[in-house]
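Undergrad: Would you mind keeping the following structure in view while I ask a few things?
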Amino acid sequence: VYCFPTDGDLTLLAASVPIERFDEFKSDPEGSLMGIAHSMEALVPRLEGPEREGPVRGSGSIPGYLRVPYGPGWVLVGDSAMVMDPWSGQGIDQGSTHAV
């Protein structure tokens, strides 16, 4: 379970679940998310009172790919060259370290 402060005094609540549980999670996204969140004892007090500001969304397995990023007179950058799983943080890590 992840809690990230965002703009507008909002907090993003997210969870990572094994892909084997994705269909179960998808059948009741809000109930599944709140069930997981309520299993985190330290988080429970923060869950009382706030209102959800948008729909619960999810993503299954995201296939990664890497293209040849260059050729005569052209170059691909960023997501046009490759896709990485967004939850791993590898993309932002590579972007940050290679930009320096």
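Undergrad: Taking a ≥ b ≥ c as the square roots of the eigenvalues of the Cα gyration tensor of the chain, is the shape rounded (a/c under 1.5), prolate (a/b larger than b/c) or oblate?
TA: prolate
Undergrad: Further question on the same structure: Relative contact order for the chain: what percent, with Cα pairs under 8 Å and sequence separation of 6 or more?
TA: Relative contact order comes out at 16 percent.
Undergrad: Classify region 2-47: rounded, prolate or oblate, from the alpha-carbon gyration tensor (a ≥ b ≥ c, eigenvalue square roots; a/c under 1.5 rounded; otherwise prolate if a/b is larger than b/c)?
TA: prolate
Undergrad: Placing +1 on the Cβ of each Lys and Arg and -1 on the Cβ of each Asp and Glu in region 4-100, which of PRO69, MET34, GLY89 has its Cα farthest towards the positive end of the resulting dipole?
TA: PRO69
Undergrad: Another question, then. Looking at region 33-81, which trypsin sites (Lys or Arg not before Pro) are in a loop (DSSP not H, G, I, E or B) and have at most 16 other Cβ atoms within 10 Å?
TA: Here the sparse-neighbourhood loop sites are ARG52, ARG57, ARG67.
Taken together, the values in this text are just the output of simple stated rules run on the coordinates, not laboratory data. Bear in mind that the values here come from a model prediction, so they are computed numbers and not experimental data. Note that each Cβ is placed from the backbone with ideal geometry, even for glycine, and that neighbours are counted across all protein chains shown.
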